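The values are calculated or read from the model by the stated rules, or taken from the named source; none is laboratory data. The shown structure was predicted, so the numbers you read here are calculated from the model rather than taken from an experiment. Using ideal geometry, Cβ is built from the backbone for each residue, glycine included, and neighbour counts are taken over all protein chains shown. These accessible areas exclude ligands, DNA and RNA; they are computed on the full protein's heavy atoms, side chains included. Shrake-Rupley method; radii C 1.70, N 1.55, O 1.52, S 1.80 Å.
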Amino acid sequence: MIDRTQVLHVARLARLQLTDDEVERMSTELSSILDHIETISELDLSDVAPTAHVVASEGALRADAPRASLDHDVALAQAPDPADDGFRVPSPQA
Amino acid sequence: MSTTTYETVIGLEIHVQLKTATKMFCGCELTFGEPPNTRVCPVCLALPGALPVGNAEAIHLGIMIGHALGCEIAPRMKFDRKQYFYPDSPKGYQISQFDEPLCAGGEIGGVRINRVHLEEDAAKTIHAGASGRIHGSEASVVDFNRGGTPLAEIVTEPDIHSAEQAGEFLRLLRTTLRVLGVSDVNMEEGSLRCDANISIRPAGTTELGTKTELKNMNSFRYIERGIRAEVARQTALLDAGERIVQETLHFDPRTERLTSMRSKEEAQDYRYFPEPDLVPVPVDAAMLDRARAAMPELPAARQARFEADLSLHPDTAKLLAWRSELGDWFEAALAASPDGVSPQTAGPLANWTTNELLTRLGGDVDPATSKVTPAAMAQLVALVTARTVTAGAGKEVLDTLIAEGGDPAQIVEAKGLGAVGGEDTLAPIVAEALAANPDIAERLRGGDMKPMGVIIGHVMKATKGRADGGEVTKLVRAQLGV
Amino acid sequence: MTNLTNLTDLTAKAAVDAIAAGDLDAAELFTAYREAAAAEDLNAYTWVADQTPDLSAAAALPLRGVPLAVKDLFCTQGVPSQAGSKILEGYRPPYDATVVAQLAAAGTSLLGKTNQDEFAMGSSNENSAYGPVKNPWDHTRVPGGSSGGSAAAVAAGLAPWALGTDTGGSIRQPAALCGIVGLKPTYGSVSRYGMIAFASSLDQAGPFARDVTDAALLYSHMHGRDPRDATSVGRPDADAIALPTGERLDGLRLGVPDDLTGEGVEPGVWTAFEAALETAKGLGATVERVALPHAGYGLNAYYVIAPAEASSNLARFDGVRYGARAEADDLITMYTKTRHDYMGTEVKRRILIGTYALSSGFYDAYYASAQKVRTLIARDFTTAFAGVDLIVTPTSPGVAFPLGAKTEDPLSMYLNDIFTIPISLAGIPALSLPCGLSEGLPVGLQLAGPAFSENRILEAAYALEQAFAFDNTPSAIGGAPS
Ligand SMILES: [Zn+2]
């Protein structure tokens, strides 16, 4: 069961604003999904190693060799608020 | 009045920008002074669909650091995501290492190392608002040129117990990293950054007190002053019966004030999980061997060599070895010594370097930036050793070298600083001095050697300081028959 | 003049051969598709090329300039790549996804970008910010998802073939619901670079085609190790993809997993599936039961792993560097409002689930456990493939369902992928092949094999395809099926 407070906490971590209606709805839906997911706990997983990657590859590193960067104009072309050759953002303080 | 004495407990977290040609996870070149956002690509701007690929050289440098600090190197290089939202973190997470750091354990300068892990640096946020610091700013502009620079984070155990010890440790660590060639270790430019976790506890107790984190100090002096200020603050709080609040503090070296950085105070939940875009890379024997083969002589070993091979005094050896630029300059001078490399040449050269030269240049100055070349210093010391010039004249030559550079022998020649010595030249001057001071001569003859200085002074005056005091004394004794 | 209707009736392979033989002009073929795509009424495309490019160079390449529809999840340089999301409305990437570039180099020409569930999250294409896609077999029904636009376009003759992506079934399920062939390759055989990430450890690009030969042909130009994707491995040496030719299945051992095929399957789908098994036996295959004891937990594990990775992958959509931004005076509000206003409900739902699963105190119970279940499921398949060559199931438990039927119940929507998800978790390849009709709507047969067994799967699918002789022309475009 995931309650309103938890939904709001998680939404804050995920930087998602939710309306009151959305909080209600998510609380119900997430609870039912999580209840379903929790049937995993039927399994004894104590001796099982986790799998993060299914295909084993090795040495997937790159040499320290420069590659071309994007042109400045291209880099900033899609910026919502370009300013002073950079990406402008509002102050962290309200 | 403080009735309790406290023990200070400090652990340091040091971030070191690694000296690679390109960023940690993309091929953007790491050059300085470029216009904003010109060293960026889909990966380091976190464009949709872009994926990171680890820089092999950064891992190599990380292993070298591990070797230098005596760490255990992990069997594989595994990355995790550390998640937080901030404009300087374009992906919304930093690729870092959580439960399997590249290096664990180790020790340097009597301080145990907890871990060394690799991660990517944040971008630069330029505060476009009024005050320059975050508080009160209107807006910020982000420049991603240096975002994604490879970083090694070195975390110590809480083994440090004073501001001075912290400074000493950091100087040794910086030299070690500089000698390794893994970083520019320049605090002003941010390639070396240090946070300190500070707590105090009543002396003799073992339970750690509540710690505060002192962040973003950009010089060793500020770190020491910041730690002192924070220890004083915590002591005053405990003495007043108050509690210490766990918080992150900023030290302003101008005002000596500590301020709480509230914006970051919100309880963090980084939601670490294994980076699915990067398959762990085995750290194999070849990688370890390559890093070991690339290891230069480290400060501790250099100090030991200076003591054993050159018979330098431990303090002198440490000073030269722990300040690698000084050690390098000294060894270059030693190699140029006309009398060859031996304890006999090394001793005077080391003394002239650490005493005369450093005093004149100022303690922190790198002699390589002065007009005195190592070869000139070697020649000067050889002239003094051979008594071709006196120590006093030698210092005059050094003053000239510092002011103008040049060749010591030519300076001696041009300024007529050559020693006045030998019986033929000096004996008449000594005789003249005795004749001019009959009282003194009488006392000396009577066995009272105290006024010898007067005669030496007379001779020095007559020779413009180019005579050797010892030789003068010998001649006085000979002429007076004492 | 060639008849345009006939042109778009050609399979891609037939078109490639006709262009190579000089019987067909690549530009004429492109124009025919471009006009059909521009006039479509399924909402399959979100962008269609507005002119026919010069294809003289492409026509000399292996794929001869044959048009390609590309799911909007792939970055295409200078062409809108919106991933079905409002937050990327009008976004034009500065680079091509590796697969897109690779296929262009092989001679395909970009016809259009296809509609999809937002960020590939969905099984019905109803989660697109650009409106739902209609199933060509019945415009009141869904085409499946998330690659619904690609599937519908190929099924309706609006593209000869198309690129899709599959995370938990997003190629196979819409292929099944639209009566075409869809292949999800082995994880790592195709580069993910430039594919807007949903769940990094599961996402894989693959082809949609009208027949098995075309699917093989397109995939043969997609796979390969990409130095920009650290999880890509390409295919093992000397294991190139061959166009299938065999028409028998002698000696082939097919396994039907009891643990998966129990409840919830529509009777019509089950009947078509059993008939398909009979056909396989008639071609010389044997059919036996296999155990996949943990596959039933696949959905549970998937709905932890995929949202967890997605919550992290979608953190980059923050209104700072690209995409939509909601104006606000402070940073946090800018973030939260941007992400609220420009992301859809299903995306938010999964971000919340994923964030919850990774948050402090829940990691072990959810994410770590799900990864362990993943281990068990992968092990189940390894064990099963010791006894059988391929595992077969219906691709989806039901045929295309009416638009809106499941939008209010996320869990019932998720159950659509019950047969496809365990395969995704194991990273193994699987193909969906139309095997018959139920209620006048296509039923898909899923064939799965061990990692890198694409040739074996394609061979078997080809033989079955000849025997099924499924008529993939939607019987009643625009109306109810007959
Ligand atoms: Zn870059």
Take C:Tyr322 and decide whether it is under 21 Å from B:Gln94 (Cβ atoms), among the hydroxyl-bearing types (Ser, Thr, Tyr) and assigned to a loop (DSSP other than H, G, I, E, B). yes
Could you say which residue among B:Glu120, B:Glu157, B:Glu153 is more than 16 Å from the ligand (Cβ to nearest atom), modelled with pLDDT of 95 or more, charged (D, E, K, R) and within 22 Å of B:Gly92 (Cα to Cα)? B:Glu153
Looking at this structure, is C:Glu346 outside any loop (DSSP other than H, G, I, E, B), more than 11 Å from every other protein chain (Cβ to nearest Cβ) and of a type in the set (D, E, K, R)? no
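Go over the candidates C:Ala272, C:Ala276, C:Ala310 one by one and state the one that is within 14 Å of chain B (Cβ to nearest Cβ), under 23 Å from the mean Cα position of the chain (by Cα) and in contact (Cβ under 8 Å) with a residue 60 or more places away in the chain. I'd like the intermediate steps shown before the answer.
On the way: C:Ala272 fails: within 14 Å of chain B (Cβ to nearest Cβ); C:Ala276 fails: within 14 Å of chain B (Cβ to nearest Cβ).
Going through C:Ala272, C:Ala276, C:Ala310 in turn, the sole match is C:Ala310.
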Condition (residue is under 26 Å from C:Gly188 (Cα atoms) and among the hydrophobic types (A, V, I, L, M, F, W, C)) applied to segment C:398-411: is it met by at least one residue? no
Within segment B:198-275, which strands (runs of 3 or more DSSP E) (wholly inside it) include 1 or more residues that are open to solvent by 40 Å² or more (accessible area, probe 1.4 Å)? B:212-217, B:257-260
Check off (1) facing chain A (nearest Cβ under 10 Å); (2) more than 16 Å from the ligand (Cβ to nearest atom) for B:Gly62 and give me the number that stays unchecked. (1)
Do we find that C:Tyr303 is over 26 Å from the mean Cα position of the chain (by Cα) and either crowded, with 21+ Cβ neighbours inside 10 Å or β-branched (Val, Ile, Thr) (or both) in this structure? no
Pick from segment C:199-235 the residues that are part of a helix (DSSP H, G or I) and small (Gly, Ala, Ser): which of them is surrounded by the fewest Cβ atoms within 10 Å (Cβ to Cβ)? C:Ser220
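Which residues, taken from segment C:252-261, are open to solvent by 60 Å² or more (accessible area, probe 1.4 Å) and either out of contact with any Gly (no Cβ under 8 Å at 6 or more places or on another chain) or more than 14 Å from chain A (Cβ to nearest Cβ) (or both)? Even if it seems obvious, please write down each step before you answer.
Initially, segment C:252-261 is screened for residues open to solvent by 60 Å² or more (accessible area, probe 1.4 Å), giving C:253, C:258-259.
Hits for segment C:252-261 are C:Arg253, C:Asp258.
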For B:Gly11, are the conditions met, namely being touching a strand residue (DSSP E or B) at 6+ places or on another chain (Cβ under 6 Å), more than 13 Å from the ligand (Cβ to nearest atom), part of a loop (DSSP other than H, G, I, E, B) and among the small types (Gly, Ala, Ser)? no
Go through (1) within 11 Å of chain B (Cβ to nearest Cβ); (2) over 20 Å from C:Thr76 (Cα atoms) and name the single condition C:Ser200 misses. (2)
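Filter segment A:60-76 for residues that are more than 17 Å from B:Pro52 (Cβ to Cβ) and either open to solvent by less than 70 Å² (accessible area, probe 1.4 Å) or at the interface with another protein chain (Cβ under 7 Å from one of its Cβ atoms) (or both) and give the result.
Hits for segment A:60-76 are A:His72, A:Val74, A:Ala75, A:Leu76.
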Under 6 Å between Cβ atoms, at least 6 apart or on separate chains: pull out the pairs that start in segment C:440-454 with a residue that is within 19 Å of C:Thr473 (Cβ to Cβ) and end on any residue that is assigned to a loop (DSSP other than H, G, I, E, B). C:Gly440/C:Pro481; C:Leu441/C:Trp137; C:Leu441/C:Val399; C:Leu441/C:Ala400; C:Pro442/C:Gly179; C:Gly444/C:Thr395
Quick count over segment B:282-301, residues being free of Cβ contacts under 8 Å to residues at least 60 places away in the same chain, of a type in the set (A, V, I, L, M) and farther than 12 Å from B:Val179 by Cβ, is 3
Open to solvent by less than 10 Å² (accessible area, probe 1.4 Å), aromatic (Phe, Trp, Tyr) and more than 10 Å from chain B (Cβ to nearest Cβ) - does that describe any residue in segment C:376-388? yes
Any idea which residue in segment B:15-41 is farthest from the other protein chains (Cβ to nearest Cβ), counting only those that are within 13 Å of the ligand (Cβ to nearest atom) and touching a helix residue (DSSP H, G or I) at 6+ places or on another chain (Cβ under 6 Å)? B:Met24
Scanning segment B:58-85 for residues that are in contact with a strand residue (DSSP E or B) (Cβ under 8 Å, 6 or more places away or on another chain) and part of a helix (DSSP H, G or I) gives B:Ala58, B:Ile59, B:Leu61, B:Gly62, B:Ile63, B:Ile65, B:Gly66, B:His67, B:Ala68
Can you tell me which of (1) more than 10 Å from chain C (Cβ to nearest Cβ); (2) surrounded by 24 or more Cβ atoms within 10 Å (Cβ to Cβ); (3) in contact with a helix residue (DSSP H, G or I) (Cβ under 7 Å, 6 or more places away or on another chain); (4) of a type outside the set (Ser, Thr, Tyr) is the one B:Cys44 doesn't meet? (3)
Away from the ligand (no atom under 16 Å from the Cβ), open to solvent by 10 Å² or more (accessible area, probe 1.4 Å), within 10 Å of another protein chain (Cβ to nearest Cβ) and of a type in the set (Phe, Trp, Tyr): is that true of B:Tyr86 in this structure? yes
So if I check each of C:Pro397, C:Pro429, C:Pro442, which one is within 30 Å of C:Gly251 (Cα to Cα) and open to solvent by 10 Å² or more (accessible area, probe 1.4 Å)? C:Pro397
Would you mention how many residues in segment C:97-127 are surrounded by 24 or more Cβ atoms within 10 Å (Cβ to Cβ) and not in a helix (DSSP H, G or I)? 16
Which count do you get for residues in segment C:59-87 that are in a loop (DSSP other than H, G, I, E, B) and in contact with a strand residue (DSSP E or B) (Cβ under 6 Å, 6 or more places away or on another chain)? 4
B:Glu72: under 30 Å from A:Arg15 (Cβ atoms), more than 15 Å from the ligand (Cβ to nearest atom), open to solvent by 10 Å² or more (accessible area, probe 1.4 Å) and acidic (Asp, Glu), yes or no? no
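Name the residue, out of A:Ser41, A:Ser57, that is among the polar types (S, T, N, Q), over 23 Å from C:Val347 (Cβ atoms) and open to solvent by 50 Å² or more (accessible area, probe 1.4 Å).
The unique qualifying residue is A:Ser41.
Looking for something within 8 Å of chain B (Cβ to nearest Cβ), away from the ligand (no atom under 16 Å from the Cβ) and open to solvent by less than 50 Å² (accessible area, probe 1.4 Å) - is there at least one such residue anywhere in segment A:77-86?
Within segment A:77-86 (the criterion being within 8 Å of chain B (Cβ to nearest Cβ), away from the ligand (no atom under 16 Å from the Cβ) and open to solvent by less than 50 Å² (accessible area, probe 1.4 Å)), the answer is yes, since at least one residue qualifies.
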Look through segment C:39-58, keep the residues that are open to solvent by less than 30 Å² (accessible area, probe 1.4 Å) and not in a loop (DSSP other than H, G, I, E, B), and return whichever of them is nearest to C:Gly144 (Cα to Cα). C:Tyr45
